[in-house]
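*Asks:* Sending over a structure as structure tokens; questions will come in a sec.
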Amino acid sequence: MGRAAPALTPLIEGESTRLAEVRKNFLQHPADYARISLDPGWADNKEYKTASEDLATVLRPVMAGVGTWKLPPHAQSDFGSGSTILSQPYLTALPTFVDAVPQLKGLKPAKARVPVGMPGFPKKSFYYHSYDGSFDFPVGMTGVTFNRLYIVTDPLDQVVALQYCCEAPPNHSVRDMGIGIFNFVQFRRKGSTTAVVQYETKPQKDGSALVITKLGVEERRGSTSATCKEINVLVLPKPTLQLIDYVLQQP
């Protein structure tokens, strides 16, 4: 005779206990259960290759540290684990993130869920939400007050990146460094022959990166200096850098 089937009641009770424990852990540590959402064609980088080359140029100083992947980075079991944005866990829900940042409390987005079309970013997978106010960048930007903050999310409104924007920067000169894009979240390029873009990429100890871009305008074409008109600071946590690196490697 075959072995008797296990009693059904203990199995149900055991599964109920397990689910209750999972729910308890989720409520206590929701970031441990977060999963990024991406469009099925997120890694497609066939369009606007020249524009994605600008992104690859500014990120070159930090890409060596993000690692190479046999699988897409988001398929790794520990993807995003331990990473933070303004001290909030990577993939924090947008409402929770806004409530946790003092400078954002009480603000409504000027624009919400605008697709990020920048080539090199995961395609059809990122959206920005812009907030107008007065924002001080946490580190290293003394004397600059930013009037706009872009919060970048995935389709589930989980936060994956930030960009600070100052449209009335202190008066100083900007030098041309050979790229055309000065605002990566909005995919904005310089629009005249007298405009120049300067950039600086700063790797951080936690594996994230800051990309500082400055738009300047020359008094006349060929001038040796240009006056700064806009500053943007793009904050890319390591998991988002990994996604971008994977996209940029695609043929």
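*Asks:* Would you call S134 open to solvent by 60 Å² or more (accessible area, probe 1.4 Å) and of a type in the set (S, T, N, Q)?
*Replies:* It is true that S134 is open to solvent by 60 Å² or more (accessible area, probe 1.4 Å) and of a type in the set (S, T, N, Q).
*Asks:* Of all residues in the range 50-78, which are at pLDDT below 85, under 19 Å from S125 (Cβ atoms) and either within 16 Å of the chain's Cα centre (by Cα) or open to solvent by less than 40 Å² (accessible area, probe 1.4 Å) (or both)?
*Replies:* Once the filter is applied, which keeps residues that are at pLDDT below 85, under 19 Å from S125 (Cβ atoms) and either within 16 Å of the chain's Cα centre (by Cα) or open to solvent by less than 40 Å² (accessible area, probe 1.4 Å) (or both), the range 50-78 yields A51, V66.
*Asks:* If you don't mind, another one. Quick one: in the range 90-127, which of the residues that are in contact with a strand residue (DSSP E or B) (Cβ under 9 Å, 6 or more places away or on another chain) and in a strand (DSSP E or B) is least open to solvent (accessible area, probe 1.4 Å)?
*Replies:* Looking at residues that are in contact with a strand residue (DSSP E or B) (Cβ under 9 Å, 6 or more places away or on another chain) and in a strand (DSSP E or B), I get F121.
*Asks:* Within the range 226-244, is there a residue that is touching a helix residue (DSSP H, G or I) at 6+ places or on another chain (Cβ under 6 Å), open to solvent by 50 Å² or more (accessible area, probe 1.4 Å) and closer than 21 Å to D136 by Cα?
*Replies:* no
*Asks:* Given the structure, is T193 in a loop (DSSP other than H, G, I, E, B), farther than 22 Å from K49 by Cβ, β-branched (V, I, T) and touching a residue at least 24 places away in the same chain (Cβ under 8 Å)?
*Replies:* The answer is yes for T193.
*Asks:* A further question on this structure: I'm trying to understand the selection: among the residues of the range 168-190, which are aliphatic (A, V, I, L, M) and either part of a loop (DSSP other than H, G, I, E, B) or open to solvent by 20 Å² or more (accessible area, probe 1.4 Å) (or both)? Break it down stepwise before answering.
*Replies:* Narrowing the range 168-190 to residues aliphatic (A, V, I, L, M): 168, 174, 177, 179, 181, 185.
If the condition is that a residue be aliphatic (A, V, I, L, M) and either part of a loop (DSSP other than H, G, I, E, B) or open to solvent by 20 Å² or more (accessible area, probe 1.4 Å) (or both), then A168, M177, I179, V185 are the ones that fit.
The values are calculated or read from the model by the stated rules, or taken from the named source; none is laboratory data. Quick caveat: nothing in here was measured; it's all calculated off a predicted structure. Neighbour counts run over all protein chains shown; Cβ positions are idealised from the backbone, glycine included. Protein only, heavy atoms only, side chains kept; ligands, DNA and RNA dropped before computing areas. Shrake-Rupley method; radii C 1.70, N 1.55, O 1.52, S 1.80 Å.
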